[in-house]
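What follows is a short report on a single structure.
The values are calculated or read from the model by the stated rules, or taken from the named source; none is laboratory data. None of these values were measured; they are calculated from a predicted model. With ideal geometry, Cβ positions are generated from the backbone for all residues, glycine too; neighbour counts draw on all protein chains shown. Protein only, heavy atoms only, side chains kept; ligands, DNA and RNA dropped before computing areas. Shrake-Rupley method; radii C 1.70, N 1.55, O 1.52, S 1.80 Å.
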Amino acid sequence: MQNHNSAVRQNQALAEKSGEFLIGGELPVTRLGFGAMRITGDGVWGEPANRAEAVRVLRRAVKLGVTFIDTADSYGPDVSEEIIAEALHPYPPGLVIATKGGLVRPGPNQWVENGKPEHLRSALEGSLRRLRLGRIDLYQLHRIDPKVPAEDQLGTLRDLQAQGKIKHIGLSEVSVRQIQHARTIVSIVSVQNRYSVTDRSSEGVLEYCEKEKIGFIPWFPLAAGRVSGQESPISRVAAKWKATPSQVALAWLLARSHVILPIPGTSRVDHLEENVAASELKIDSSKMQELNRMAHAS
């Protein structure tokens with residue numbers, strides 16, 4: 001694989017090479033998107049260390065052809081959505097911003113479910129205001145709150161959808177059974193679960209999404225050090241393929257299933273460009289088998 005910087009210079013719309021997915025069968029996005037959790041402070045709390053760089057990252061992502069940005073009201077909280085609007089509003093045609101509600105933040109690295117209908121309505125209104133939107137194209141229930149009937153949580157989102165404030169509805173960190181139940185209440189177009197080349201715990205959910213043509217958005221797609229560590233088997237494969245471990249991990253996700261929409265996040269432009277360049281790395285069946293063997297050995 002050529003040096004990612006030269007690749008970026010040669011093709012400003014590099015993300016388009018990752019392919020396209022139709023959310024809800026109608027909303028086109030580049031399969032390689034951008035996750036905006038990391039443009040906040042430590043512990044996903046407060047302002048980023050370098051807000052100007054966060055703005056540059058978002059603007060560069062769009063210039064590289066990324067048309068899918070994923071965020072949440074709990075990132076900061078509020079900070080990620082505010083920076084997205086600062087950097088990109090008025091939004092270019094075709095840019096899809098997905099956000100989430102259903103978690104509250106008592107402090108850094110602390111996350112608490114709140115699926116009460118009044119909270120979800122307030123969370124959505126806050127996201128609309130911060131993002132400067134009249135409608136959220138994809139609104140995801142960040143977690144199903146076990147303390148509140150799922151019918152109440154999903155019914156609230158269904159009502160907000162009927163009011164025109166939500167276009168499509170997705171779920172996060174759910175089982176197949178939870179997805180099936182949710183779909184008896186409202187149409188579900190996406191699922192966001194933790195998944196990577198080294199973490200296959202949501203394999204059954206991915207297979208269900210494939211069968212039902214539901215977008216599968218893997219969070220933590222690079223699995224931190226398990227992918228990028230110098231001693232990891234994936235690092236050794238990446239060196240042989242003249243790519244970075246992160247690029248290999250992202251290319252594997254793109255090759256694994258046509259419904260997968262990876263959303264790697266970063267707070268630095270150089271890391272963003274490296275990740276987007278993964279769109280050029282194609283993994284054939286023999287490479288897929290080799291990488292699967294390496295991943296299982298890690």
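Tabulated results
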{"read-out": "Filter result for V79 (of a type in the set (V, I, T) and buried (at least 21 other Cβ atoms within 10 Å of the Cβ))", "value": "yes"}
{"read-out": "Output for segment 140-165, where each listed residue is basic (K, R) and either in contact with a helix residue (DSSP H, G or I) (Cβ under 9 Å, 6 or more places away or on another chain) or in contact (Cβ under 8 Å) with a residue 60 or more places away in the chain (or both)", "value": "K165"}
{"read-out": "Tally, over segment 153-165, of residues that are open to solvent by less than 70 Å² (accessible area, probe 1.4 Å), in a helix (DSSP H, G or I) and of a type outside the set (A, V, I, L, M)", "value": "4"}
{"read-out": "Hits in segment 94-144 - residues which are open to solvent by 20 Å² or more (accessible area, probe 1.4 Å), under 21 Å from L261 (Cα atoms) and touching a His at 6+ places or on another chain (Cβ under 8 Å)", "value": "D137"}
{"read-out": "Subset of segment 279-298 that is touching a Ser or Thr at 6+ places or on another chain (Cβ under 7 Å) and open to solvent by less than 30 Å² (accessible area, probe 1.4 Å) - its residue that is modelled with the lowest pLDDT", "value": "A295"}
